[in-house]
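Data block below; observations after.
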Amino acid sequence: MNLRAPQLHFDERDQLATLCKASGDPLRLNVLRVLASDSFGVLELAQIFAIGQSGISHHLKVLAQAGLVATRREGNAIFYRRALAASEMPASTLHAALLEAIDRLQLPADVQSRIADVHARRNAASEDFFARMAGSFQARQDLIAGLPQYCDSLLALLDALSIDPTTTALEVGPGDGGFLPELARRFGQVTAVDNSPAMLELARQQCEKLGLENVRLELADALLDDCATADCVILNMVLHHLAAPGEAMKQLARLVNPGGSLLITELCSHNQNWAREACGDLWLGFEQDDLARWAIAAGLVPGESLYIGLKNGFQIQARHFSRPPLTTLSLTGNLGTAR
Ligand SMILES: C[S@@+](CC[C@H](N)C(=O)[O-])C[C@H]1O[C@@H](n2cnc3c(N)ncnc32)[C@H](O)[C@@H]1O
């Protein structure tokens with residue numbers, strides 16, 4: 001008699017069963033909902049769900065084994081994000097449908113309020129940094145990537161848009177205002193909003209020195225305050241200072257007039273943890289795919305991209321996203337009309 005052990009196959013049924021088991025828990029569904037457009041560390045998730053660290057770690061392990069969450073290393077820290085359904089996997093149809101259903105869930109009010117607390121803490125760290133470090137801003141920028149290193153590429157992207165000189169631009173986070181002369185030259189009216197009084201003062205000095213009369217400076221938080229919309233919205237090295245960049249992309253998209261553009265210059269994903277301390281970075285750059293995914297979720301259409309490798313090992317991505325004109329918008333129902 002042949003008494004061979006039964007062969008274990010991790011087949012399609014097992015994958016489906018693992019996925020069903022992992023998602024068969026209300027708390028784990030809420031974790032996936034929370035991770036829809038942001039990534040969080042274990043401690044942050046423990047706080048958001050008001051449970052112990054070992055409890056949330058267990059749930060994350062179950063979700064990871066089912067391929068529903070993935071980790072992203074940010075220097076010494078590990079962040080959890082949602083894993084996308086890989087089309088070649090047998091359970092991918094269920095996976096995609098599950099995420100779609102989860103996105104329709106409303107998060108409990110207490111969870112939403114604790115997410116806001118986590119974001120407020122991240123924002124406070126960033127704001128505090130710019131308040132303290134405005135005096136050494138340029139030197140710190142140069143440690144990683146200063147405007148001269150990506151200015152030409154950004155201008156190439158901008159000039160490919162064939163800008164009508166009567167249109168408007170909004171620069172979010174102009175820092176010391178280094179890019180404002182280029183915008184002032186190309187657009188009829190430029191608004192620059194920064195939530196740091198110290199940084200805005202540097203931009204004001206720059207505008208005064210160069211006599212930039214069509215530039216208006218505003219002390220405002222581009223995500224929280226009511227900013228005027230513009231035909232072209234520009235963010236240079238700002239997104240990695242924002243508490244929830246995926247969510248931020250939705251707010252930024254609303255600042256773009258229909259038919260207009262969002263230009264983002266950002267660091268590509270890196271593992272230089274010292275940048276947090278030295279430059280106040282909340283995120284160590286971004287994957288190219290993440291930016292595109294967030295932009296699409298915000299109703300924008302990815303356009304041209306340029307990548308710039310620097311001698312110090314960092315890589316910069318200059319990205320163009322467009323907001324469809326109103327005719328297309330009214331068909332898709334995305335974003336609504338401009339404010
Ligand atoms: C690293 S600096 C980039 C400055 C400039 N764009 C450059 O590339 O040199 C980031 C700037 O964004 C500003 N900032 C961060 N979060 C902001 C927000 N929510 N709204 C407006 N400005 C913000 C900071 O105060 C700072 O001036």
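Which of the helices (runs of 4 or more DSSP H) found entirely inside the range 192-287 contain at least 3 residues meeting this: within 24 Å of P181 (Cβ to Cβ) and within 11 Å of the ligand (Cβ to nearest atom)?
197-210
Do we have I316 as modelled with pLDDT under 95, surrounded by fewer than 21 Cβ atoms within 10 Å (Cβ to Cβ) and part of a strand (DSSP E or B) here?
Judged against the criteria, I316 is not a match.
Among the numbered criteria (1) under 17 Å from V233 (Cα atoms); (2) at pLDDT below 95; (3) outside any helix (DSSP H, G or I), which single criterion is violated by L154?
If we test L154 against (1) under 17 Å from V233 (Cα atoms); (2) at pLDDT below 95; (3) outside any helix (DSSP H, G or I), just (3) comes out false.
Tally the residues that are touching a residue at least 24 places away in the same chain (Cβ under 8 Å) and assigned to a helix (DSSP H, G or I), restricting the search to the range 104-120. I'd like the intermediate steps shown before the answer.
Residues of the range 104-120 that are touching a residue at least 24 places away in the same chain (Cβ under 8 Å), as a first pass: 105, 107-108, 110-111, 114-115, 117-120.
The next check asks that each one be assigned to a helix (DSSP H, G or I); those that pass are 110-111, 114-115, 117-120.
Of the residues in that region, 8 qualify.
Residues in the range 22-36 that are outside any helix (DSSP H, G or I) and crowded, with 20+ Cβ neighbours inside 10 Å: how many?
1
When you look at D176, is it within 9 Å of the ligand (Cβ to nearest atom), assigned by TED's automatic domain parsing to the domain that holds E304 and more than 20 Å from the chain's Cα centre (by Cα), yes or no?
yes
Could you tell me whether the range 89-111 includes any residue that is within 16 Å of the ligand (Cβ to nearest atom), small (G, A, S) and modelled with pLDDT of 85 or more?
Of all residues in the range 89-111, those within 16 Å of the ligand (Cβ to nearest atom) come to none.
Taking every residue of the range 89-111 in turn, none turns out to be within 16 Å of the ligand (Cβ to nearest atom), small (G, A, S) and modelled with pLDDT of 85 or more.
Quick one: how many residues across the range 241-265 are surrounded by 19 or more Cβ atoms within 10 Å (Cβ to Cβ), farther than 22 Å from I163 by Cα and touching a residue at least 40 places away in the same chain (Cβ under 8 Å)?
Number satisfying all stated conditions: 8.
Scan the range 85-103 for residues that are assigned to a loop (DSSP other than H, G, I, E, B) and in contact with a Leu (Cβ under 8 Å, 6 or more places away or on another chain) and jot them down.
Correct list: A85, P90, A91.
Here's the yes/no breakdown for (1) charged (D, E, K, R); (2) surrounded by fewer than 12 Cβ atoms within 10 Å (Cβ to Cβ):
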position	(1), (2)
A96	no, no
D103	yes, no
L107	no, no
H119	no, no
A125	no, no
A139	no, yes
I144	no, no
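Return only the number of the condition from (1) touching a residue at least 24 places away in the same chain (Cβ under 8 Å); (2) of a type in the set (S, T, N, Q); (3) away from the ligand (no atom under 11 Å from the Cβ) that S126 does not satisfy.
Every condition holds for S126 apart from (3).
The values are calculated or read from the model by the stated rules, or taken from the named source; none is laboratory data. Note that the structure is a prediction, hence the values are computed from the model and not measured. Every residue, glycine as well, gets a Cβ built from its backbone with ideal geometry; the counts of neighbours run over all protein chains shown.
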